[in-house]
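Below: one structure, written as structure tokens.
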Amino acid sequence: MNWDDMQPLLHDATIETLQMVGIATLVTLLVGLPLGVLLVLTDKGGPLRNAVVNKVVGAIVNVGRSLPFVILLVALIPFTRWVVGTSIGWQAATVPLAVGAIPFYARLVESAVRGVDGGLVEAVHAMGGGTWAVVRKVLLPEALPALLAALTTTVIALVGYSAMAGTVGGGGLGNLAITYGYMRFETNFMIVIVVELVLLVTLVQLLGDFAVRRLKR
Amino acid sequence: MITTKDLTKVYTSRGRQVSALRGVDLHVRTGEVYGVVGTSGAGKSTLIRCVNLLERPSSGTVTVDGVELTALPGGRPGSAQRGAGRELRAARGRIGMVFQHFNLLSSRTVRENVELPLELTGLGRTERRRKAGELLELVGLGDKAGAYPSQLSGGQKQRVGIARALAGDPKVLLSDEATSALDPETTRSILALLRELNQQLGLTVLLITHEMEVIKSVCDSAALMRDGRITESGTLTDLLATEGSELARELFPLGDPDSDLGTGRPGATVLEITFQGDSSSQPFVSQLARTYQVDINILGAAVETIGGRQVGRMRVELPGDHQDNVVPIGFLREQGLQVDLISPNGVVA
């Protein structure tokens, strides 16, 4: 297979990978961030301490974290069908990707938010701020560099997961690697795909590091 | 301005109960600088945090500027730490607080840090900027508005902390060891600023510290805290005039009374004479020597400015035991001097 044959396939697959990783990242951020903050707020010593909520959310996160992604991919098929109406293609892959990444990111958020000095929280309480003010004015802005670093890690994990999803009909670069590189013994193509994945991950890491450096004071 | 009645605080940690406050009655008058001093673990930090209910007392009441905070929703003694009600939060907004470690947000500029409490009260953007600018001028940091806290020295950070604490136009400022992380010179300048704000704005200041120097240089009144209780309190002038006052002794140490120098020779009587204001102009030593023909040996002496007043203290040794010296001691007391008798083991008799 020469480059002219590979190029259009590669182009489409790259778009698909970026789409599924992008959407999964967005969903992960929207769900994982509040979950992680909730874990800190409801912990003992937190302003909303609530042992029941903390234990339940913590348990869900732990279960989500310990399930191997391949199992999740298969186990979620009925749920995926219900959400996007199909269980194959990149659209279908976004569901297990997000579900797998949410607990991962939530734990990272938790530890990032825990790193914020408790004295700052106390200062906001002393000036008459409530829990919402603490979250919005202190916890999130002060933890922002750490939250961003955590997001970088999560996106990279998602790129890896997306390739895995591709092997079971999820589309994207992983799908390409399996159907051409593996099943048709196109070693050259396989190498090209792997190189592209490496470049993608490196790019994400560099962008993430750059943004974190810019934010740190 | 600040009154606490029979305040107690019991912590439970791992099934064990620890009393941090054992019935504290504090009374801070409007416009004064009141210092609570004590060793670490005496409960002073718990006390100041109970004043704005950052820490909920186990029992007792806290009243600040006529509002009984412990009667507000979410502020009742023993109520859970979380969930301050709207009124309590509003009341906290009118009490400024500065912290030992400044507690400035590293992600915000100096101006934005000062604006934070104003954001919480919902003040408009331009108003906030104007007010923050004024406050920064007031604390002498007008040129640092755009800097980040990490670019400031400790003293500058604390000035920002003070400006932020003043943003809500408080009548009361709580200072939780505000100078303990600063070097002596910076400490002096921060204390001078607090004094200035106290006088300019009529601000009532309650501060806690473990340094007598702080009490000596800015406070009008002081309380000594020990093991969860206030063992002594009053204006500095009154404390210094109180015989056997531990606080006065610590404010104005004349060396260790247990040392050889402090107790004098066997068979002699050691006195500590404190004089303030008018009495410091009298030549009482020579008067005493002339009138009663006693040989006075001066063991130590110092004059200091405490609470804006000249106060002197002298430790002298008179020959003979206490019985022999009843008349000279009476003479000294007649002169308006405060005389404390030091017994040989260093304890005030």
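The values are calculated or read from the model by the stated rules, or taken from the named source; none is laboratory data. In this text, all values refer to a predicted model and were calculated from it rather than measured experimentally. Note: ideal-geometry Cβ built from the backbone for every residue, glycine included; neighbour counts use all protein chains shown. Surface areas here come from the heavy atoms of the whole protein model, side chains and all, with no ligands, DNA or RNA. Shrake-Rupley method; radii C 1.70, N 1.55, O 1.52, S 1.80 Å.
When peptides B:148-157, B:107-116, A:206-215 are ranked by their average number of other Cβ atoms within 10 Å per residue, the highest-first order is B:107-116, B:148-157, A:206-215. In chain B, a dipole from Cβ-located charges (positive for Lys and Arg, negative for Asp and Glu) runs towards its positive end, and of B:162, B:298, B:178 it is B:162 whose Cα lies farthest in that direction.
Packing order of peptides B:332-338, A:90-96, highest average first: A:90-96, B:332-338 (average count of other Cβ atoms within 10 Å over each peptide's residues). Packing order of peptides A:129-138, A:190-199, highest average first: A:129-138, A:190-199 (average count of other Cβ atoms within 10 Å over each peptide's residues).
Testing the spin-label approximation: label points 7 Å from Cα along Cα→Cβ at residue A:15 and residue A:209. State their distance in nm. Each label point is offset 7 Å from its Cα along the Cβ direction, giving 3.2 nm. Enter the Cα centre distance for the pair segment B:108-124 and segment A:125-152, rounded to the nearest angstrom. After rounding, the separation between the Cα centres reads 15 Å.
To test your reading of the geometry: what angle, between 0 and 90 degrees and rounded to tens, separates the Cα axis of helix A:140-165 from the longest principal axis of chain A? The answer is roughly 30 degrees.
The H on the amide N of residue B:36, modeled in the peptide plane, is under 5 Å from the matching H of B:207, B:208, B:209, B:223, each at least 5 residues off or on a different chain. Per residue, the protein assembly as shown exposes 47 Å² of accessible surface when a 1.4 Å probe is rolled over the protein heavy atoms with every protein chain present.
Averaged over the residues of B:51-60, the number of partner chain Cβ atoms lying within 10 Å of the residue Cβ comes to 1. Loop-resident GluC sites (Glu not before Pro) (DSSP state other than H, G, I, E or B) in segment B:173-254 with no more than 14 further Cβ atoms inside 10 Å of their Cβ: B:243. Can you give the FRET efficiency to the nearest 0.05 for residue B:295 and residue B:226, using r as the Cβ-Cβ distance and R₀ = 51 Å? E(calc), rounded to 0.05, equals 0.85. Placing pseudo-labels 7 Å out from each Cα toward the beta carbon at residue A:55 and residue B:303 gives an inter-label distance of 7.1 nm. Can you tell which of B:93, A:89, A:118 lies farthest toward the positive end of the dipole of the protein assembly as shown, using +1 and -1 charges on the Cβ of basic and acidic side chains (Lys, Arg; Asp, Glu)? Toward the positive end, the furthest listed residue is A:89. Between segment B:20-38 and segment A:172-217, the alpha-carbon centres lie 65 Å apart. With R₀ set to 60 Å, the beta-carbon distance separating residue B:65 from residue A:182 gives a calculated FRET efficiency near 0.20. Over chain B, Cα pairs under 8 Å with separation of 6+ residues give a relative contact order of 17 percent. Between the residues A:130, A:190, A:204, the greatest Cα displacement towards the positive end of the dipole of segment A:8-215, with unit charges on the Cβ of Lys, Arg, Asp and Glu, is found for A:130. In chain B, the DSSP-assigned H stretches of four residues or longer account for a calculated mean residue ellipticity at 222 nm of -9000 deg cm²/dmol, using -39500 (n - 2.57) per stretch and the full residue count as denominator.
The DSSP beta bridges internal to chain B are antiparallel in roughly 70% of cases.
The charge dipole of the protein assembly as shown, taken about its Cα centre with unit charges on the Cβ atoms of Lys, Arg (+1), Asp and Glu (-1) only, comes to about 1940 debye.
Counting Cβ atoms of other protein chains within 10 Å of each Cβ in B:165-172 and taking the mean gives 1. Across peptide A:42-49, the mean count of Cβ atoms from other chains lying within 10 Å of each residue's own Cβ comes to 2.
The H on the amide N of residue B:300, modeled in the peptide plane, is under 5 Å from the matching H of B:315, each at least 5 residues off or on a different chain.
This model, with +1 at the C-beta of Lys and Arg and -1 at the C-beta of Asp and Glu, gives segment A:63-217 a dipole about its Cα centre of some 200 debye.
In this entry, the protein assembly as shown is assigned a mean projected area of 35.1 nm², taken as a quarter of its C-alpha convex hull surface.
For the protein assembly as shown, the tally of Lys pairs with Cα-Cα distances below 26 Å comes to 26, considering only residues 8 or more apart or on different chains. Shown here for segment B:4-35: trypsin sites (Lys or Arg not before Pro) in loop regions (DSSP other than H, G, I, E, B) with at most 14 other Cβ atoms within 10 Å, namely B:14, B:29.
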